[in-house]
Amino acid sequence: MMKAYKFRLYPTKEQETLIAKSIGCNRFVYNHFLAKRKEAYEEYDAMINYNGCSALLTKLKKEFPWLKVTIAIKLESNLLDTMRKLLIVGVIFCINYPLN
């Protein structure tokens, strides 16, 4: 017999604020590096890999101090997930639409 549990979280106002900031920072990082990769591909016909983006993320944190509000590991894992998603989409695109 399988059991299931339902949970509901009731964060405090402070926790709600931190959650919203964390989600906002992750969204900003995702959109920023998506634009960077698109720009690099259109201008230079090249791709930025994870290592290049990780180095840029460090510079981005210095430029935008509010990115330091969230946990650094979460931003790095978000960046890695972004690179994986873009790689999978790129592979599927190349399989469906071969570039000659």
- Note on the structure: Taking the stretch 18-51 and keeping residues loosely packed, with under 15 Cβ neighbours inside 10 Å, closer than 17 Å to L75 by Cα and not hydrophobic (A, V, I, L, M, F, W, C) leaves K21, G24, R27, N31, N49, N51
- Note on the structure: Taking first residues from the stretch 63-81 that are in contact (Cβ under 8 Å) with a residue 40 or more places away in the chain and exposed (fewer than 13 other Cβ atoms within 10 Å of the Cβ) and second residues anywhere that are of a type in the set (G, A, S) and assigned to a helix (DSSP H, G or I), the pairs with Cβ under 8 Å that are 6 or more apart or on different chains are V69/S22; I71/S22
- What tally of residues in the stretch 29-88 results from selecting those that are of a type in the set (A, V, I, L, M), under 21 Å from L18 (Cα atoms) and in contact with a helix residue (DSSP H, G or I) (Cβ under 9 Å, 6 or more places away or on another chain)? 9
- Task: Return the residue satisfying two criteria in turn: it lies in the stretch 35-77 and is of a type in the set (D, E) and part of a helix (DSSP H, G or I), and of such residues it is farthest from the chain's Cα centre (by Cα).
- Result: E43
- Hits in the stretch 71-100 (condition: within 24 Å of G24 (Cα to Cα), among the hydroxyl-bearing types (S, T, Y) and at pLDDT below 80): T82
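The values are calculated or read from the model by the stated rules, or taken from the named source; none is laboratory data. What you are looking at is a predicted structure, and each value in this text was computed from that prediction instead of being measured. Using ideal geometry, Cβ is built from the backbone for each residue, glycine included, and neighbour counts are taken over all protein chains shown.
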